[in-house]
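Peer 1: The structure is given below, and queries will be raised subsequently.
Rule-based calculations on the coordinates, nothing more; no lab input. Source: prediction; values computed, not measured. Please note: Cβ atoms are built from the backbone with ideal geometry, for glycine as well, and neighbour counts cover all protein chains shown.
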Amino acid sequence: MIIAIDGPSGAGKSTLGKRLAKKLGLLYLDTGAMYRAVALAVLEAGALPNDEEKAVKIAGNSKIELSGEPEHLHVWLDGRDVSGLIRTAEVSQGASIVSAIPAVRRILVEKQRLLGKRGAGCVLEGRDIGTVVFPDADIKFFITAKLEARTRRRFEELLQKGEQTSFEHTLAEINQRDERDATRTDSPLIVAENAVVIDSTEMSLDEVFEQMLQLARENKQRGKAG
């Protein structure tokens, strides 16, 4: 079973994807972490994230692996565990920029497809999983929420991690990412065909999770019956 979860920043995709993968016993692939790894490598090479030539070269030459349980996913870049390094604000912004480079996206999509085909199935979350990476996924979710709700969730998450920021700064960053996601020419953020759209603005993540789990189990049962 391949489950695709797409949606804008701060909608809760990562939290929900991890819980779903663990509950169903599937591999969890955080595709955003792969773009973060590329952004980290670009920054460590002394280049800017918008240096397309450098970013494409690094994306093609880098070996990116994901391992471990969903809640404790480890991201490996050329044999080095960079799980903590890729979660800084600088890398986050860099990832948003490199992910808008068409050639980088094509390279990482191929890497994601190879990882996703391993084992009995997987849960992937990102912004083009159901439209580009796995358009034939068994079930597709599009998780969204109003801007204020997404900003609040992201802001609280950053504070829990000990990062010094403000609600206004977080709002500005999410606005920037929304703009890039919606307007990039290659794989813009759109709702995939046949996707189940869930607006989580007035829902707790527990409520969203239960709805997703029920739909995934029903899909699995239909597959067995077929």
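Peer 1: What does the highest-first list of 138-144, 54-60 look like by mean Cβ count within 10 Å?
Peer 2: Per-residue mean Cβ counts within 10 Å order the peptides as 138-144, 54-60.
Peer 1: Next question. Fewest Cβ neighbours within 10 Å first, please rank TYR35, TYR28 accordingly.
Peer 2: In order of increasing Cβ crowding within 10 Å: TYR28, TYR35.
Peer 1: Sticking with this one: Enter the per residue convex hull volume of the chain, computed from alpha-carbon coordinates, in Å³ rounded to the nearest integer.
Peer 2: 116 Å³
Peer 1: Evaluate the distance, in nm, between pseudo-label points positioned 7 Å from the Cα of LEU147 and of ARG106 along their respective Cα→Cβ axes.
Peer 2: 3.3 nm
Peer 1: Most fluctuating residue of SER62, SER14, SER92 in a GNM of the chain with Cα springs under 10 Å: which is it?
Peer 2: SER62
Peer 1: Which residues in the range 174-203 have a backbone N closer than 15 Å to a point placed 7 Å from the Cα of GLU52 along the Cα-to-Cβ line?
Peer 2: Within reach of a label on GLU52, which here means backbone N under 15 Å from a point 7 Å along Cα→Cβ, the range 174-203 contributes 184-187.
Peer 1: Take each uninterrupted DSSP H stretch in the chain, measure its Cα extent along the helix axis, and return the ones at 18 Å or beyond whose mean Kyte-Doolittle hydropathy is at least 0.0.
Peer 2: Helices meeting the criterion: 31-44.
Peer 1: Next question. Report, in listed order, any pair from LYS63/LYS140; LYS63/LYS161; LYS22/LYS54; LYS13/LYS220 with a Cα-Cα distance greater than 32 Å.
Peer 2: LYS22/LYS54
Peer 1: Between the range 139-154 and the range 49-88, what is the C-alpha centre distance in whole Å?
Peer 2: Value for the Cα centre distance between the two parts: 25 Å.
Peer 1: Viscosity 1.567 mPa s, temperature 4 °C: what is the translational diffusion coefficient of the range 57-141 from Stokes-Einstein with a Kirkwood Rh over Cα pairs, rounded to a whole number of µm²/s?
Peer 2: 92 µm²/s
Peer 1: By the scheme Lys and Arg +1, Asp and Glu -1, what is the net charge of all other residues having a beta-carbon under 13 Å from that of ILE101?
Peer 2: Overall, the nearby charge balance is +2.
Peer 1: At R0 = 30 Å, how high is the FRET efficiency between GLN211 and GLU44 if r is their beta carbon distance? Nearest 0.05 is fine.
Peer 2: Calculated transfer efficiency: 0.15.
Peer 1: Right, next: Considering amide H positions built from the backbone, and no H for Pro or chain starts, which residues 5 or more places from PHE141, or on another chain, come under 5 Å of its amide H?
Peer 2: For PHE141, whose amide H was placed from the backbone, the distant partners under 5 Å are ALA4, ILE5, ASP6, VAL196.
Peer 1: Please order MET212, MET1, MET34 by the number of other Cβ within 10 Å, starting at the fewest.
Peer 2: With the fewest neighbours first, MET212, MET1, MET34 line up as MET1, MET212, MET34.
Peer 1: Using 0.36 nm times the number of residues separating LYS22 and LYS161, minus their current alpha carbon distance, what extension gain do you get?
Peer 2: Result for the pair: 47.8 nm of gain on full extension.
Peer 1: Can you give me the relative contact order of the chain as a percent, contacts being Cα pairs under 8 Å and 6 or more apart?
Peer 2: Once divided by the residue count of the chain, the mean separation gives 31 percent.
Peer 1: Of all DSSP beta bridges located in the chain, what percent are antiparallel, nearest 5?
Peer 2: So the antiparallel bridges amount to about 25 percent of the total.
Peer 1: How much mean residue ellipticity at 222 nm does the chain get from its helices, if each DSSP H run of length 4 or more adds -39500 (n - 2.57) and you divide by all residues, to the nearest 500 deg cm²/dmol?
Peer 2: Calculated from helices alone, the mean residue ellipticity at 222 nm is -16000 deg cm²/dmol.
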